[in-house]
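A.B. asks: Dropping a structure here in structure tokens format, bear with me for questions.
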């Protein structure tokens, strides 16, 4: 449906082009006797009609003007949808920043729920957002609700409520539903759609992570660093990791994170933003334990939101760093990261690192290893940092190996590091294997090298391989 402002602009432009004063008849209005009109269609649907009292205007001219009006309105609708999408992405980034910043000051799940629920309700334009948490250890179901200010726009839409599960991941990739997020009362002329449902699921998943962390904080405050706390910290860390690898024609990928004791701040993940575009990320927060896991939750949210908004690894790192420097620097933390955005249709890779150059590209054509070092400083140290972006094309058989320092710096009983030379050797030996098999072989090589030496740091590894399959 075209807005009055769009129709007014359309009529002014037609008058400027043709010299004819046109009027507009909305789709629901009746035709006037003696007034010539031309139907205007937008994407195959009747949107309204151009009208004119000019008796000398030829029918073909009126028809051509109506076709031009339909094309112009269709383009305006596309621009409006694009602007809405950009604004929605910006709102998601702002929400991630606000929630991450306030998380460190919250110590009970009620305050946490209410803060996050308010952000979710505003973002999805809901009158009310409610969370129902399932009973734990024989207790009662808990429920919190928030209401946003404002009025409903237009009539009540048909799909006036939305309900999605709140799930968390436990150790061993087990997924548990801990509650339900319910949104009600749409503050918009249209009801909740499929895009709203997808966004609500993502936000509910993030809420589950926050709730788990709040529970760990409360148990730590009441009982010290117990075995149960360590277990819950592991569960919170696991909930940030992917449940499965994405499947896109033209590329295969596999990843794993082996946490140390205590659990550190490593992370890896994937984000498919288009049918043929996937971003792979790997990151690490300094320090270990619950503090690092909480910080990584914020880093993860910001990176995902920014790469969705900008489509550029370098710009995503710059924007995320700007927010994180205000949160991490005061508490003495920082984060390294590496983002690789691969367009399988164009076979084009762009990447950038933030204090993290542990990424190797093996070229199948000439057997050459290339270290991907474009980027900038770690995030959270200085607020205004410019990140340099690298680009290259991938061909079938090319391998991208991304890892954290827990792999390269793994030590054996003699104190020697595993190092890049051993890693390159193992990649060459198993280069023809599929990514998951190659990943397992590399992890086995590190484990064998370390022997009886205790793992002292998280070890994260992601292997991406370009394939012959056409997108």
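Coordinate-derived values only; no laboratory data. A quick note: this is a predicted structure, and the numbers were derived from the prediction, not measured. Please note: Cβ atoms are built from the backbone with ideal geometry, for glycine as well, and neighbour counts cover all protein chains shown.
A.B. asks: Relative to the present Cα-Cα distance, how much length would full extension add between residue 373 and residue 15 at 0.36 nm per residue of separation?
C.D. replies: 123.2 nm
A.B. asks: Shape call for the range 244-471 from the C-alpha gyration tensor, a ≥ b ≥ c root eigenvalues: rounded (a/c under 1.5), prolate (a/b greater than b/c) or oblate?
C.D. replies: Oblate.
A.B. asks: Per 0.36 nm of contour for each residue apart, how much would the distance between residue 134 and residue 75 grow if the chain were fully extended, relative to their Cα-Cα spacing?
C.D. replies: 16.5 nm
A.B. asks: Obtain the radius of gyration and the Kirkwood radius of the range 384-459 from its C-alpha atoms and give Rg over Rh.
C.D. replies: With Rg and the Kirkwood Rh in hand, the quotient comes to 1.05.
A.B. asks: Assuming R0 = 60 Å, what is the FRET efficiency of residue 272 and residue 32, from their Cβ-Cβ distance, to the nearest 0.05?
C.D. replies: For residue 272 and residue 32, the calculated efficiency is 0.70.
A.B. asks: Just for the Cα atoms in the range 4-83, what are the lengths along the principal axes, largest first, rounded to whole Å?
C.D. replies: Principal-axis extents of the Cα atoms in the range 4-83, largest first: 40, 27, 21 Å.
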